[in-house]
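One structure is given here, and the rest of the page talks about it.
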Amino acid sequence: MSNKMWGGRFGESPDAIMEEINVSIDVDQHLYAQDIAASKAHAAMLASQGIITANDAKNIAAGLDTILSEIGKGSFTFKRALEDIHMNVESRLGELIGPAAGRLHTARSRNDQVATDFRLYVRDTIDDIDHALVAYQRALVDRALEHADTVMPGFTHLQTAQPVTFGHHLMAYVEMASRDRGRFADARKRLNESPLGAAALAGTSFPIDRDATASALGFDRPMANSLDAVSDRDFVLETLSAASIASVHLSRFAEEIVIWTSPLVGLVRLSDKFTTGSSIMPQKRNPDAAELVRAKTGRIIGSLTALLIVMKGLPLAYQKDMQEDKQGAMEAFAALSLAVKAMTGMVLDLVPEEARMKVAAGEGYATATDLADWLVRELKMPFRDAHHVTGRIVAKASEGGIALHKLPLGDMQAIEPRITAGVFDVLSVQASVESRKSYGGTAPDNVRAQAKAWLKRLEKEQNSG
Ligand code: ARG
């Protein structure tokens with residue numbers, strides 16, 4: 001039997017392999033809520049434009065509501081022979097309300113339908129991810145406030161560089177998440193136009209009202225060009241780009257957690273809730289969640305790359321290639337959501353080893369820059385000379401295997417006679433972080449002020465969202 005939705009000119013049914021490669025219901029059934037919402041908006045518009053009767057529209061809407069609840073309850077049977085969500089819904093509508101169901105597809109095509117459904121789906125996903133990112137930021141801010149004074153080593157090249165505060169380090173990720181949210185919000189703004197009514201590719205001869213369906217579905221306006229409306233997937237690409245960048249941020253943090261929790265480093269501990277054991281080595285506590293967050297990034301960037309490649313050779317307008325836009329994107333968005341939630345969990349769970357952090361912050365002559373700055377400030381030395389003198393003092397200290405703040409004053413004066421005991425005020429890690437009060441710097445007072453400002457902002461967003 002040929003397909004009853006489009007098989008008028010077909011004498012034979014499709015080959016099994018044809019059906020297998022063509023079918024998309026396993027993936028696009030996740031669009032059911034959006035598909036039904038768009039169909040209801042379309043039917044209501046057709047009636048108010050006098051294209052179908054009010055009675056037909058009423059029956060169509062009631063039938064669609066029944067289908068929505070059947071799918072929600074899990075009692076709906078998706079049929080592979082009906083290819084996709086659009087035809088599964090329409091076919092069931094026919095069973096429920098009879099021939100009036102056939103009027104729903106007036107002045108539309110699956111091409112504008114799927115573009116509309118997926119825009120709505122991606123919009124919903126962006127909202128979900130934004131909520132998850134707000135919760136992640138909130139966790140970071142709370143822990144940053146708690147650890148505004150906790151000193152840790154800051155690194156460049158993964159070598160001890162200068163002391164920073166743990167709170168400052170956490171707040172860096174709040175800023176990154178904020179830009180990630182901004183990218184999602186930008187993508188949302190651009191995607192929020194309605195393709196519905198573009199029909200197959202050229203528009204329709206029926207007197208439809210595209211503004212009405214656009215506003216019923218919460219779109220800002222209808223898309224202006226019917227060819228563009230059915231054939232571009234830049235909204236998916238843009239959202240996947242935002243997801244890729246966000247996942248790179250999460251992955252960097254996850255990598256830090258892996259490093260920090262290594263027994264070789266020992267700066268942070270995760271509880272049993274976010275570690276796993278080894279089946280052979282009883283002593284192990286593995287940071288699997290962090291490792292998996294790091295790995296999900298591959299999947300997310302992979303689906304961006306995959307869709308870019310699907311799209312790059314397609315002429316206008318709709319091509320079936322575009323059916324491949326959904327699976328990777330849906331998986332990527334789910335992976336990102338999970339990664340954000342896992343990172344939020346770890347942020348709330350982790351315990352910094354404060355004593356170890358403080359010792360590590362002082363190792364590797366981390367306050368050498370403070371010494372150089374003192375020479376500039378107190379002795380009016382040009383920074384380059386101060387850098388050189390400090391280098392010689394560090395060499396002297398490391399010869400004896402002693403920390404800078406423990407080096408006898410006489411040893412320093414042997415290199416630069418004008419150095420006074422006042423220098424010791426800047427050589428402790430505590431003094432070092434407290435002095436870094438420049439805007440955006442690591443001083444505990446700065447961190448507290450930034451964290452409090454963020455807390456206010458996030459509380460407002462959480463209440464309004
Ligand atoms: N399942 C299709 C997709 O996801 C729906 C659109 C089909 N359109 C068509 N002309 N065959 O892209």
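Each residue of the stretch 429-444 in turn: what ³J(HN,Hα) in whole Hz from Karplus with 6.51, -1.76, 1.60 and θ = phi - 60°, glycine and Pro shown as x?
Calculated HN-Hα couplings, in order: 5, 4, 4, 4, 5, 5, 6, 8, 8, 4, 4, x, x, 8, 3, x Hz.
Using 7 Å Cα-to-Cβ label points, what is the residue 341/residue 205 separation (nm, one decimal)?
Distance between label points: 5.1 nm.
Residue 78 accessible area, nearest 10 Å², 1.4 Å probe?
Rounded to the nearest 10, that gives 60 Å².
How do 388, 169 rank by accessible surface area computed with a 1.4 Å probe, from largest to smallest? Before the final figure, lay out the partial values.
On the way: 388 120, 169 40 Å².
Descending accessible area places them as 388, 169.
Counting pairwise Cα distances across the stretch 306-465, what percent come out greater than 24 angstrom? Working shown, then result.
On the way: 7694 of 12720 pairs.
In whole percent, the share of Cα-Cα pairs in the stretch 306-465 beyond 24 Å is 60.
At a Förster radius of 56 Å, what calculated FRET efficiency corresponds to the Cβ-Cβ distance of residue 9 and residue 241, to the nearest 0.05?
On the way: r = 41 Å, r/R0 = 0.74.
Efficiency, rounded to the nearest 0.05: 0.85.
Could you compute Rg(Cα) / (2.2 N^0.38 Å) for the stretch 209-283, with N its residue count?
On the way: Rg = 23.6 Å, N = 75, 2.2 N^0.38 = 11.3 Å.
Rg over 2.2 N^0.38 Å, computed on Cα atoms: 2.08.
Mind checking which lysines have their C-alpha under 17 Å from residue 452, skipping anything on the same chain fewer than 8 residues away?
Those lysines meeting the cut-off are 437, 460.
Using θ = phi - 60° and the Karplus relation 6.51 cos²θ - 1.76 cosθ + 1.60, list the HN-Hα couplings for the stretch 413-421 in order, rounded to whole Hz, with x at every Gly or Pro.
5, 5, 9, 9, x, 7, 5, 10, 4
Go ahead and run the numbers for FRET between residue 359 and residue 73, Cβ-Cβ distance against an R0 of 35 Å, rounding to 0.05. List each step's numbers first, then the result.
Numbers: r = 60 Å, r/R0 = 1.70.
The computed FRET efficiency comes out at 0.05.
Which order do you get for 84, 234 if you rank them by accessible area with a 1.4 Å probe, largest at the top? Could the numbers behind the result be given before it?
Numbers: 84 10, 234 75 Å².
Largest accessible area first, the residues go 234, 84.
Calculate one ³J(HN,Hα) per residue across the stretch 42-54 by plugging θ = phi - 60° into the Karplus curve 6.51 cos²θ - 1.76 cosθ + 1.60, and present them in order as whole Hz with x for glycine and proline.
5, 5, 4, 5, 4, 5, 6, 8, x, 8, 10, 7, 4
Of all accessible surface on the chain at a 1.4 Å probe, what whole percent is carbon and sulfur?
Working: 12000 of 22090 Å².
Answer for the chain: carbon and sulfur cover 54 percent of the accessible area.
Hey, can you grab everything whose amide H is under 5 Å from the amide H of residue 269? Only 5+ residues off in sequence or another chain; H modelled, so Pro and N-termini drop out.
351, 353
In the chain, if the dipole is taken from +1 on Lys/Arg beta carbons and -1 on Asp/Glu beta carbons about the Cα centre, which of 173, 339, 101 is farthest to the positive end?
Going by the Cα projections, it comes out as 173.
Just to verify a number: what accessible area does residue 128 come out at with the full protein assembly present, 1.4 Å probe, Å² rounded to tens?
The accessible area comes out at roughly 90 Å².
Would you compute, for the Cα atoms of the stretch 189-340, the largest minus smallest coordinate along each principal axis and list the three values in descending order, in whole Å?
73, 32, 22
At R0 = 30 Å, how high is the FRET efficiency between residue 351 and residue 179 if r is their beta carbon distance? Nearest 0.05 is fine. Working shown, then result.
Working: r = 28 Å, r/R0 = 0.94.
Rounded to the nearest 0.05, the efficiency is 0.60.
Amide H of residue 164 versus every other amide H placed in the peptide plane: which residues, excluding those fewer than 5 positions away on the same chain, fall under 5 Å?
152, 154
Could you list which residues have their amide H under 5 Å from that of residue 276, counting only those 5 or more apart in sequence or on another chain, with H placed in the peptide plane?
286, 288
Please name whichever of 267, 214, 52 sits farthest to the positive end of the charge dipole of the chain, dipole taken about the Cα centre and charges placed at Cβ: Lys and Arg +1, Asp and Glu -1.
267
Under a 1.4 Å probe, what is the accessible area of the stretch 1-140 per residue, stated in Å²?
Ligands and nucleic acids excluded, the result is 44 Å² per residue.
Note the direction-averaged projected area, equal to a quarter of the hull surface, for the Cα convex hull of the chain, in nm².
Details: hull surface 120.0 nm².
Mean orientational projected area (the chain, Cα hull): 30.0 nm².
With n ≥ 4 as the cut-off for DSSP H runs, can you work out [θ] at 222 nm for the chain, using -39500 (n - 2.57) per run divided by the number of residues, rounded to the nearest 500?
Values: 19 runs with 290 residues, N = 465.
Calculated at 222 nm, the ellipticity per residue is -20500 deg cm²/dmol.
If you wrap the stretch 312-403's Cα atoms in a convex hull and average its projection over all directions, what's the area in nm²? Present the calculation step by step, with values, prior to reporting the outcome.
Numbers: hull surface 54.9 nm².
Computing the convex hull of the Cα atoms and averaging its projections yields 13.7 nm².
Along the Cα→Cβ direction, 7 angstrom out, place labels at residue 248 and residue 464. What is the inter-label distance in nm?
Here the answer is 3.0 nm between the modelled labels.
The values are calculated or read from the model by the stated rules, or taken from the named source; none is laboratory data. This structure is a prediction, so every number in the text was calculated from the model and none was measured. A quick note on method: Cβ atoms are made from the backbone with ideal geometry, for glycine too, and the neighbour counts reach across all protein chains shown. Areas reflect the complete protein model, heavy atoms only, side chains present, ligands, DNA and RNA absent. Shrake-Rupley method; radii C 1.70, N 1.55, O 1.52, S 1.80 Å.
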